[in-house]
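This report refers to the structure that appears directly beneath it.
The values are calculated or read from the model by the stated rules, or taken from the named source; none is laboratory data. What you see is a predicted model, and the numbers here were worked out from it, not measured in a lab. As a convention, Cβ positions derive from the backbone with ideal geometry for all residues, glycine included, and neighbour counts pool all protein chains shown.
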Amino acid sequence: MNLYKNNLPFALMIALLLSSTLLSCNGTKEKSAEKEATEVHEDEASPSDEIELTAQQMKAVGIEIGTIQEKNLTAVVKASGQLAVPPQNEAKVNLLSGGIIRKINVLEGQQVKKGQALAVVENQEMIKLQQDYLSSKNGFAFVDAEYKRQQQLKAADAGTGKSFQLAEANYHTELSKIKALERQLQQLGISPRSVSTGNITAQTTVTAPISGTIGTIQVTTGAFVQPGTSLMDIVDNSKIHADLLVYEKDLFKVQVGQKVSFRLTNQDNQQIEGVLIGINKSFEDDTKGVIVHAVITKPLPNLIPGMYVTGLISVGTEKTTAVPIDAVVKAEGKEYIFILEEEGKTDENPKKESPKEAMEHGTHFKKIEVVTGVSELGYISITPLEKLLKDTKLVIKGAFYLQSKSTAPTAHSH
């Protein structure tokens, strides 16, 4: 009994130590499990550039394997610019004489023909111009008669030379005055013949100087406009072309007559075709580039001057690395191909595996970023952003499936 009593504190101390050790072990296991779960969760949240597919999966989605090839594709010079129209295909509708807008006959975006009535303007000062024309024309009858009389007298040697010269001078002066007033009336859209019959008006019709599409209408009905004020714009897009900036290093490659393929920058890269028709002979301000002009062979109805375009000018052919168009996929503004990282090989076993082993382990693919160039006859030129072996194999069909799989979350066991 005494021995038991003396050893009791020691036994309690041993029990406490064992309990503390067990709690510490359990805490460590819980932290390890929590850390492992966190790592798995992090892996699940990040997409992978490496993908593994079994033979059954490859067959099911129709994946085909090929190699990067050397192809003779069209060599191009890349140039950026804007769509524009020639000066003769763009017009501003102005007033030579001010007045009040009484009527507007067109709407923005409406197609009009040359000479079509656009608006009606009223100005009381036009009445005075018509009155001056009538007075000059009526007074010209006396001047004309006197001139003819002096001609007859001169022919009969009955008149004086001085009287004939005076009559001739008056005749030409008054005739010039009438012609000038007629021209002014015509510019205002008033018929001199109509005025001659007594039809005097305070209103004039503004007509379209060219055929095209009405742009911004800058006036409203009832507004007073000053002489020279622009009422509206007209643009004829049938002759729309592209002005492209070609830099000095590429100038010697560019010639009139070369074909150009355009991509509309802000219109989902929609493509149109054209031909180079002119090359400027001076550099643009603050650049080492020259503007070249290319007409569009088949204009689209939605083309508008000012649209940004990227032009690929065909300057010949060259041998380049190329792959089928279906081998390239786009994601987040970049372009990729999928190469075979392993083909039935492992680091431990560099020899090719048996079909059965390959089916078990699957085929590994790696996503590689590339820069693409011209596309022709189903192929597109590429420049990989990392060095690839000459016999590198890649996915030439079904790359879209691999792209969708690469963006999906993946999980790895630890």
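Filter segment 217-236 for residues that are hydroxyl-bearing (Ser, Thr, Tyr) and out of contact with any strand residue (DSSP E or B) (no Cβ under 6 Å at 6 or more places or on another chain); which is surrounded by the most Cβ atoms within 10 Å (Cβ to Cβ)? Looking at residues that are hydroxyl-bearing (Ser, Thr, Tyr) and out of contact with any strand residue (DSSP E or B) (no Cβ under 6 Å at 6 or more places or on another chain), I get THR229. When segment 389-414 is filtered for residues that are more than 33 Å from the chain's Cα centre (by Cα) and modelled with pLDDT of 85 or more, the ones remaining, listed by number, are THR392, LYS393, LEU394.
Evaluation of GLN124 against the conditions (1) at pLDDT below 85; (2) in contact with a helix residue (DSSP H, G or I) (Cβ under 7 Å, 6 or more places away or on another chain) shows that the sole unmet condition is (2).
Just to confirm my filter: which strands (runs of 3 or more DSSP E) fall fully inside segment 258-312 and include at least 1 residues that are of a type in the set (Ser, Thr, Tyr)? Step through it out loud before you land on a result.
Details: elements: 259-264, 270-279, 289-296.
Because the criterion is at least 1 residues that are of a type in the set (Ser, Thr, Tyr), the strands (runs of 3 or more DSSP E) in segment 258-312 that meet it are 259-264.
Tallying residues that are closer than 17 Å to GLN186 by Cβ and either surrounded by fewer than 16 Cβ atoms within 10 Å (Cβ to Cβ) or assigned by TED's automatic domain parsing to the domain that holds LEU175 (or both) within segment 93-115 yields 4. Condition (residue is buried (at least 16 other Cβ atoms within 10 Å of the Cβ) and farther than 30 Å from TYR133 by Cβ) applied to segment 190-211: is it met by at least one residue? Checking segment 190-211: at least one residue is buried (at least 16 other Cβ atoms within 10 Å of the Cβ) and farther than 30 Å from TYR133 by Cβ.
Residues that are within 30 Å of GLU284 (Cβ to Cβ): list the strands (runs of 3 or more DSSP E) wholly contained in segment 51-143 that include at least 1 such residues. The strands (runs of 3 or more DSSP E) meeting that bar are 69-84, 90-94. For segment 369-386, enumerate the residues that are among the hydroxyl-bearing types (Ser, Thr, Tyr) and under 9 Å from LEU73 (Cα atoms). Matches in segment 369-386: SER375, TYR379, SER381.
When residues of segment 209-238 are filtered for being among the small types (Gly, Ala, Ser) and under 24 Å from MET307 (Cβ atoms), how many remain?
Within segment 209-238, the first condition is being among the small types (Gly, Ala, Ser), and the residues that meet it are 211-212, 215, 222-223, 228, 230, 238.
This time we only want the ones that are under 24 Å from MET307 (Cβ atoms), so: 211-212, 215, 230, 238.
Of the residues in segment 209-238, 5 are among the small types (Gly, Ala, Ser) and under 24 Å from MET307 (Cβ atoms).
Working only within segment 52-91, note down all residues that are out of contact with any Lys or Arg (no Cβ under 8 Å at 6 or more places or on another chain), surrounded by 14 or more Cβ atoms within 10 Å (Cβ to Cβ) and not aliphatic (A, V, I, L, M). Across segment 52-91, the qualifying residues are GLU52, THR54, GLN57, THR74, LYS78, SER80, GLY81, GLN82, GLU90.
Is at least one residue of segment 243-252 under 37 Å from the mean Cα position of the chain (by Cα), part of a strand (DSSP E or B), of a type in the set (A, V, I, L, M) and within 18 Å of LEU118 (Cβ to Cβ)?
No, because not a single residue in segment 243-252 is under 37 Å from the mean Cα position of the chain (by Cα), part of a strand (DSSP E or B), of a type in the set (A, V, I, L, M) and within 18 Å of LEU118 (Cβ to Cβ).
Annotation: of all residues in segment 142-189 being of a type in the set (A, V, I, L, M) and closer than 30 Å to VAL93 by Cβ, the one that is surrounded by the fewest Cβ atoms within 10 Å (Cβ to Cβ) is ALA180.
Residue by residue through segment 90-144, note down the ones that are among the charged types (D, E, K, R), under 37 Å from the mean Cα position of the chain (by Cα) and within 21 Å of PHE224 (Cα to Cα). Break it down stepwise before answering.
Applying the first criterion (among the charged types (D, E, K, R)) to segment 90-144 yields 90, 92, 102-103, 108, 113-114, 122, 125, 128, 132, 137, 144.
This time we only want the ones that are under 37 Å from the mean Cα position of the chain (by Cα), so: 90, 92, 103, 108, 113-114.
Residues satisfying the conditions are LYS92, LYS103, GLU108.
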